[in-house]
Amino acid sequence: MKKMDVRNDPISRFISRMFETPALRTLPALQKEEQALQFLRQNGPQLQPILASVGINTVAGWQGTFERLAQQIKSLSDGMLEREIFRAVEERLHFAFYPALDASRQPPSASREEIVALCRRSANHPVSRRALSGSLSAVLADVTDKYIPQIWERRKYTYVEITKVQRLSLNAQECADLLRFVLLVRPAAYLHVMPDVQTGLEAGFAPVQQQALQRAFHAVAAQLAATPPALVRMALRSSLPYPSTQGLEAIPRLATIFALRGRALTPSLVVDRGADSPDKSWFNIARRNASWRGLDPRMLDELYSIASENGW
Amino acid sequence: MSTGQEMVGDRMKKIGDFFESLVVIVIIVALAHTFLDDFSILVGWTVAARRWLIWAGLVIDVIFTIEFFTRLYFALMRGQVTEYFFSERGWIDFIASVPLLLFNSLPSVLALLAGAGLLTGLGSFLNVLKVIKAVRIARILRLLRVVKLFRRIRYARSLLAQKHIAIITTISVTVLVAWMLVANLLGGLGILAGLERPFLGAQREHARYLGQGSADPAAVAARARTLAAFDPTLLVARPTGAATSWTRYDDSYYVTNFLAGDYEYFSMNGVESFFDGRPVSQATAKEGIVFFVAILLSVLAYILLYSPRFALDITDPIHVMKRGMEESGYNLEVKIPQRRAEEDVFELARLYNSIFLPLKDRGSTQQEQATRLGIDEIRSFVDKE
């Protein structure tokens, strides 16, 4: 794609400045994109004279202008998203869980590149792109590193579910790393979900139909050729609801919660005096909506306690 | 983009803010002045320094009177005089300005301007100063203006907190000052007299002694000499309307050591007498300082102790709930102290946490997230370009 000169192109300049406003500056790329697009949709008619004043041609009508702006927003956020994916995979994901899951195995050298490619693919599908926003936020904000050591220290429900019921012999760091892997693969479960399907839940976070998941599994397993299929299947199962899915493992259940938490993270949120902390508030609301969202209420109870005790 | 009207509005707002800041400074100066006014008498500051304080008092009351009339004028222009007087506490602006100017600072300055003339023919004016002494206590009403400072205090940003604390402070200060005024008046009638009663009673007796017998200047002088030997507070004696028959000091001493309010004046049986009233003034000043500090401390306690408590109990939870209802991305729960969960506001907060927020969460997943970006932010950066 031909690179545009940001200094001379009024649309590029306008969108770049929009992304730097205090409301958007601290948000991850995909949240920036969603917020910017939503802003344009909500304020279209009011914006036209402002756009004209900065040299953006609005003669073709709002729809045409919107499409050009949206294209630029996506182009800009794609660039940022690329860097976020790179940071998440290269800096956060260590594949430390491989030896623990199978003593004889070392992480294949191709795995990292395959996961970057899968994330790029997810970013190109409208529903998966939304799912990716939650996953990337959770990974980059180190949500797993925050909670897993606490879960291991407490050795309560979630720990028992992971180590005794799912029978994974992992230490806290390995488990956190496994969850990062699951979070990054999870959006691919939505690759075969149509964007206009009404589920009552947010696109990218609603439970996936078994059929769509099966198709996604074949596609993703083929793409992650170096990764054991069982690992891919476990990651994709994090798009299934609890408790209606028989035998849904602890790791996918926990990954769904973290992906949703990542989706709601607001980096620059100022906590008012008299308000509870962001994590504590979120987990408390989530446990009240657990059955509706298809989340494990006991895991949410435990995460709520951890957030509460630590003032998160 | 800013229109001409917006620019004018901005300028007016800046002028308004400057005016408000100026008033706040004058309020603080006025409080310091009210304290120093009594303190200067108590510790015996020089007359020159006390003259400055009298002038400063006049300037302060003039500023407050101008402020009151300016606000009244604008309220009149808006057709909201009643609202200004009652809802916006214009009555405080009034009683802490006009009566103090008319009955305290202005007569004090007039007495100051009369200077030593008081001793040569304006003695009856000193009776007016006795009225002034009675209403001096009303200067503490200036403390009510402190309520205007509430909006600048960290814990009282909400209108509810400002209003609530202002009401409590206003009631407390007004009741206390009103009671002190009544007590002063009762003191004047001899019903609730203070430490000064025996002192003034003795001077009155001595004035009566000076009036007994002939009003001939030589006879008055002779009686004054006799009395002066055992009453060191007797300063001047003369037949009414005549020249001074006897004086303890020469006129220049009075000019440099006494202000009009420092004399006790009596006129009995054709003889006028002036006594040193400074011991009485000092006793009154001491009472004034004690009373001023007590009220100031209670006002500060409202601001520093009660105001944060009110904010934590009432306005903070309300603010969090209001933001949660207004902003789509703000989903923080209200912190509910365990011991106080049964209080009304926290009962409401519990319902907000347990019913409203989960329902909001469900609603937000079914629709597009509302944007946090506002059109004003866009205007702002476009304007800068």
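The values are calculated or read from the model by the stated rules, or taken from the named source; none is laboratory data. Being a predicted model, the structure only gives us computed values, none of them experimental. All Cβ positions, even for glycine, are placed from backbone atoms using ideal geometry, and neighbour counts span all protein chains on display.
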query: Could you say which residue among A:R261, A:R287, A:R253 is within 11 Å of another protein chain (Cβ to nearest Cβ), farther than 21 Å from A:A117 by Cβ and surrounded by 15 or more Cβ atoms within 10 Å (Cβ to Cβ)?
result: A:R287
query: Can you pull out the residues in the range B:202-246 that are closer than 14 Å to B:S267 by Cα and of a type in the set (F, W, Y)?
result: B:Y209
query: Say we look at the range B:308-360 and pick out the residues that are of a type in the set (S, T, Y) and at pLDDT 95 or above; which of these is surrounded by the most Cβ atoms within 10 Å (Cβ to Cβ)?
result: B:Y352
- prompt: How many residues does the range A:79-116 hold that are closer than 17 Å to A:A219 by Cα and either under 16 Å from the mean Cα position of the chain (by Cα) or buried (at least 22 other Cβ atoms within 10 Å of the Cβ) (or both)?
  reply: 2
statement: Residue hits (the range A:14-40; basic (K, R) and more than 8 Å from chain B (Cβ to nearest Cβ)) are A:R25, A:K32
- request: Scan the helices (runs of 4 or more DSSP H) fully inside the range B:89-189 and keep the ones with 2 or more residues being modelled with pLDDT under 75.
  value: B:125-135, B:159-188
field: Where A:K74 falls short, out of the listed (1) surrounded by 15 or more Cβ atoms within 10 Å (Cβ to Cβ); (2) more than 14 Å from every other protein chain (Cβ to nearest Cβ); (3) in a loop (DSSP other than H, G, I, E, B)
entry: (3)
- line: Of the candidates B:A49, B:A32, the one satisfying the condition of being in contact with a Ser or Thr (Cβ under 8 Å, 6 or more places away or on another chain) and exposed (fewer than 14 other Cβ atoms within 10 Å of the Cβ) is B:A49
message: Please determine whether any residue of the range A:295-311 is buried (at least 20 other Cβ atoms within 10 Å of the Cβ), away from chain B (no Cβ under 11 Å) and not in a helix (DSSP H, G or I).
response: yes
field: A:L254 vs. criteria farther than 18 Å from B:K360 by Cβ and modelled with pLDDT of 95 or more
entry: yes
message: Let me spell it out: the conditions are (1) at pLDDT 85 or above; (2) under 20 Å from the mean Cα position of the chain (by Cα), and A:Q209 meets all of them except one. Which number is the exception?
response: (1)
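To keep it simple, each residue is scored yes or no on (1) among the hydroxyl-bearing types (S, T, Y); (2) within 42 Å of the chain's Cα centre (by Cα); (3) in a loop (DSSP other than H, G, I, E, B).
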| site | (1), (2), (3) |
| --- | --- |
| B:G201 | no, yes, no |
| B:A207 | no, yes, no |
| B:A215 | no, no, yes |
| B:R238 | no, yes, no |
| B:G241 | no, yes, yes |
| B:V255 | no, yes, no |
| B:Y265 | yes, yes, no |
- prompt: Going by the structure shown, is A:L231 of a type in the set (A, V, I, L, M, F, W, C) and either touching a Lys or Arg at 6+ places or on another chain (Cβ under 9 Å) or farther than 30 Å from A:S111 by Cβ (or both)?
  reply: no
